[in-house]
Structures are given as C-alpha cells and as structure tokens.
Amino acid sequence: MSIAEERIDRLHHLAREAASDRDHDVAREYVRLARRVAERNRCGLPKEFRRFTCDECDAYLVPGVNARVRTRPGGHVVVRCDCGATKRYPY
C-alpha cells in the first residue's frame, strides 16, 4: 500500500467519525482532501469511499441522517443526498 493510499484510508476513517459525530463540515473537508490526494497521485478511491460520498457536494453520506437509501425492484439501490444528487448501484 502506497503512502497516498494509506492517507486516503485514514481520511476515510476520519470522515466517517466526523459524520457520526454530526460534524458534517469537517467530514466534507476530509472527503475533499482524500479526493485531492487521489487526483495528485493518480490512484483510485476505494469502493466503500465512493459509495458513501456525494459527488456533487462532497458530503460523507450517513443513511437516515443526510442520505435516503431505497431499494428498487429492478435490482438496484438508490441513494439520494440532501443536496438532491442521486446514485444508483446494482445489487
């Protein structure tokens, strides 16, 4: 694991802790930092990090707090952020 991947992983954990403490502005900054590290080092973000962040407002998504999660009969999960952005994932 490279230094950049370790830092992204650490920022993911910090964002999760900040979001669970209802400190969404700090969590948003951690998400932005992690994305910047990934861009500069040309490495991807982990799947669980991409699933729990909003692409439009950089919020760390917590189901029931700032995100709505629904399953659809077509075999996919729909996650909607408070900003209105929507993501769909197959299951």
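The values are calculated or read from the model by the stated rules, or taken from the named source; none is laboratory data. Since we're looking at a predicted model, the values are computed, not measured. As a convention, Cβ positions derive from the backbone with ideal geometry for all residues, glycine included, and neighbour counts pool all protein chains shown.
Would you mention how many residues in segment 65-84 are of a type outside the set (Val, Ile, Thr) and either touching a residue at least 60 places away in the same chain (Cβ under 8 Å) or closer than 26 Å to Asp21 by Cα (or both)?
Result for segment 65-84: 9.
In segment 32-45, which residues are over 13 Å from the mean Cα position of the chain (by Cα) and assigned to a helix (DSSP H, G or I)?
Scanning segment 32-45 gives Arg36, Val37, Ala38, Glu39, Arg40, Asn41.
Of the residues Glu48, Glu6, which is at pLDDT 95 or above and part of a helix (DSSP H, G or I)?
Values: Glu48 fails: at pLDDT 95 or above.
Sole residue among the options that is at pLDDT 95 or above and part of a helix (DSSP H, G or I): Glu6.
Can you tell me which of (1) assigned to a helix (DSSP H, G or I); (2) at pLDDT 95 or above is the one Arg80 doesn't meet?
(1)
In segment 28-68, what residues are closer than 15 Å to Leu14 by Cβ and exposed (fewer than 13 other Cβ atoms within 10 Å of the Cβ)?
Matches in segment 28-68: Arg36, Glu48.
If you go through segment 52-70 one residue at a time, how many are in a loop (DSSP other than H, G, I, E, B) and in contact with a strand residue (DSSP E or B) (Cβ under 8 Å, 6 or more places away or on another chain)? Quick ask: steps written out before the conclusion?
Pass one, segment 52-70, residues in a loop (DSSP other than H, G, I, E, B): 52, 54-59, 61-62, 64-66.
In the following step, the residues that additionally are in contact with a strand residue (DSSP E or B) (Cβ under 8 Å, 6 or more places away or on another chain) were identified as 52, 54-57, 59, 61, 66.
Residues meeting the conditions: 8.
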